[in-house]
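**Student:** Once you've had a glance at the structure underneath, I'll fire off some questions.
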Amino acid sequence: MSKQTSEPNDIHRSAKKDLYEAPDYYQIDDLLSEEHKLIRDSVRSWVKKEVSPIIEDFAQKAQFPKHLIPGLAEIGAFGPTIPTNYGGAGLDYISYGLIMQEIERGDSGIRSAASVQGSLVMYPIYAYGSEEQKMHYLPKLASGEYMGCFGLTEPDHGSDPGSMITNIKDMGDYFLLNGAKMWISNSPFADIAIVWAKDEEGIIRGLIVEKGMEGFSAPEIHGKWSLRASASGELVFDNVKVPKKNVLPNVKGLKGPLGCLNQARYGIAWGALGAAMDCYDTALRYSKERIQFGRPIGGFQLQQKKLAEMITEITKGQLLVWRLGVLRNENRASPAQISMAKRNSVETAINIAREARQILGGMGITGEYPVMRHMMNLESVVTYEGTHDIHLLITGMDITGLNAFE
Ligand code: TGC
Ligand code: FAD
């Protein structure tokens, strides 16, 4: 008969405390500057203090914790790389990656809100907007006074956004916007939406659509089993009059929205590893504390195999995103390199979440531990910002020179 060495449920009593210790098996910290570590550590503390205590409840209730918006702004999560004269944090790409890693360590839904705001709303205004648009919107978005969303996907056009049917008609003083977007993060509470629509010549243009414009609504999508702490919705445009000053003047074509996706996919490449690190750390701690057959389950070879493979994959992913960050800082990262990192990090994270859940046994399916929540969240992360298949095909196209989409 097995010998019981701890009180039953002892380890579960402390489960809800955030005891996270980040894994760094290859001393990757040595590759970071003092400023990087300072930024990373301050976001880590913020997540422990503000996100960990509340996230399970908000995920269970399927609500986005809006009260976190000012804190996210304060830690520089909205527009980390946008210059300070527009209200951004003016940081480099490694800092941006570390911020996303730490936030997604807390929850992918919170990272999602920050990714959308910074990479998909602030970035297009910064990169393609007029000086007036930048001065008007960017500081308000950086401070969280305005929240934004990004409308590219349509009910019938997801992986193939170039076939979109949402359209604008030139009416002289304004554009008339018609169509619908689907699966839009932040849309139910957003003050503005960056909307991609075709003009009468079939050329994709970017518009800033504001809440309150007649004919514009953003109904929430309910019933998600994934990313429950993120608000997703539709964008519906029924003869919306969009003033001409709200068009992004400096980009035309699909390269406009795809250029924004490079920013967001880069952040996800770091972020998903944060979720993986949390799952690994949780499973490792549990395996050393959970006693079965008279000894910690971490002593069994089958559990060690899972944990050893997890840390190996995390370490490879950490090195990949760090290198991608260096290339991005030097403006040398190609979109295909970003695709590879997004795909690899999400696959790593989803596999680790599934293995970690098993290490936790029955407790793994509860909200006492973050693992099942991460696992479910990652089912969205693997699909949005380009599915796993699409990123594979982007790599395939890059290495062969042959386009599988044609
Ligand atoms: P294709 O003909 O290849 O390209 C059209 C034009 O775009 C250029 N381009 C890019 N430019 C910048 N960055 C990139 N990554 C680019 N990829 C392509 C290209 O050079 C061309 O330019 P030009 O000047 O010749 O016109 O386009 P395609 O229609 O064949 O499609 C290619 C494909 C399939 C890779 C692309 O459409 C794609 O990436 N599909 C996936 C869609 C996607 O990722 N949607 C994401 C929606 S947003 C979202 O999910 C937010 S979730 C947020 C959250 O909550 O975190
Ligand atoms: P489809 O494109 O219909 O794909 C279905 C399946 O077919 C996938 O497995 C795909 O890989 C596969 N497939 C498609 N084409 C090919 C091909 N050529 N070869 C091989 N396989 C293929 N969009 C926004 O614009 N803004 C947002 O803020 C946003 N937030 C999101 C939040 C959530 C929670 C989710 C789930 C999605 C969000 N999206 C957003 C939409 C997201 O980007 C799309 O879901 C994604 O691009 C895939 O499109 P789809 O769902 O229409 O799938």
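The values are calculated or read from the model by the stated rules, or taken from the named source; none is laboratory data. Since the structure is predicted, the reported quantities are computational estimates derived from the model, not experimental observations. Note that each Cβ is placed from the backbone with ideal geometry, even for glycine, and that neighbours are counted across all protein chains shown. Surface areas here come from the heavy atoms of the whole protein model, side chains and all, with no ligands, DNA or RNA. Shrake-Rupley method; radii C 1.70, N 1.55, O 1.52, S 1.80 Å.
**Student:** Express the carbon and sulfur contribution to the solvent-accessible surface of the chain as a percent, rounded to the nearest whole number, probe 1.4 angstrom.
**Tutor:** On the way: 9330 of 17870 Å².
Roughly 52 percent, rounded to a whole number.
**Student:** Normalized C-alpha radius of gyration of the stretch 28-143, against 2.2 N^0.38 Å? Numbers along the way, then the final one.
**Tutor:** Details: Rg = 14.4 Å, N = 116, 2.2 N^0.38 = 13.4 Å.
The reported ratio for this selection is 1.07.
**Student:** Shifting gears a bit: Could you give the accessible area per residue of the chain, probe 1.4 Å, as a whole number in Å²? Walk me through the intermediate numbers first.
**Tutor:** Details: 17870 Å² over 406 residues.
Accessible area per residue, the chain: 44 Å².
**Student:** What distance in nm separates the two pseudo spin-label positions at residue 21 and residue 329, each 7 Å out from Cα along the beta-carbon direction?
**Tutor:** My value for the distance between the label points is 2.8 nm.
**Student:** Using only the Cα atoms, work out Rg/Rh for the stretch 315-390, with Rh taken as the Kirkwood radius, to two decimals. Numbers along the way, then the final one.
**Tutor:** Values: Rg = 14.8 Å, Rh = 13.6 Å.
That ratio is 1.08, to two decimals.
**Student:** Applying a 10 Å radius around every beta-carbon, put 117-124, 321-328, 211-218 in order of their mean neighbour count, most first.
**Tutor:** Numbers: 117-124: 27.6, 321-328: 20.2, 211-218: 14.6.
Ranking the peptides 117-124, 321-328, 211-218 by packing returns 117-124, 321-328, 211-218.
**Student:** Right, something else. Taking the inverse of the average 1/r across all pairs of different Cα atoms in the chain, what Kirkwood radius in Å do you get? Display every interim value, and only then the final one.
**Tutor:** Numbers: mean 1/r = 0.0458 Å⁻¹.
In the chain this quantity evaluates to 21.8 Å.
**Student:** Let me ask you something else. Around residue 150, which amide H atoms from residues at least 5 apart in sequence, or from another chain, sit under 5 Å from its own amide H, with H modelled in the peptide plane?
**Tutor:** Residues meeting the criterion, in which the H sits 1.01 Å from N, are 185, 194.
**Student:** Measure off 7 Å from each Cα along the Cα-to-Cβ vector at residue 366 and residue 221, then give the distance between these two points in nanometres to one decimal.
**Tutor:** Result for the modelled spin labels: 3.2 nm.
**Student:** Tilt of helix 388-400 relative to the longest C-alpha principal axis of the chain, in degrees (0 to 90, nearest 10)?
**Tutor:** Roughly 80 degrees, rounded to the nearest 10.
**Student:** Roughly how large, in nm² to one decimal, is the mean projection of the convex hull of the alpha-carbon atoms in the stretch 263-383?
**Tutor:** Numbers: hull surface 29.3 nm².
Averaged projected hull area, Cα only: 7.3 nm².
**Student:** Would you calculate, for the chain, the mean residue ellipticity at 222 nm contributed by helices, counting each DSSP H stretch of 4 or more residues as -39,500 (n - 2.57) and dividing by all residues, to the nearest 500?
**Tutor:** Details: 13 runs with 187 residues, N = 406.
So the calculated ellipticity at 222 nm is -15000 deg cm²/dmol.
**Student:** For the pair residue 244 and residue 140, what calculated FRET efficiency results from E = 1/(1 + (r/R0)^6), where r is the Cβ-Cβ distance and R0 = 22 Å, to the nearest 0.05?
**Tutor:** Values: r = 21 Å, r/R0 = 0.95.
Calculated transfer efficiency: 0.55.
**Student:** How long are the three semi-axes of the equivalent ellipsoid for the stretch 146-234, computed from the Cα gyration tensor as the root of 5 times each eigenvalue, in whole Å, largest first?
**Tutor:** Numbers: eigenvalues 108, 50, 17 Å².
Equivalent ellipsoid of the stretch 146-234: 23, 16, 9 Å, largest first.
**Student:** Could you give me the radius of gyration and the Dmax of the stretch 233-293, taking only the C-alpha atoms into account and expressing both in angstrom?
**Tutor:** When restricted to Cα atoms, the stretch 233-293 yields Rg and Dmax of 22.4, 71 Å.
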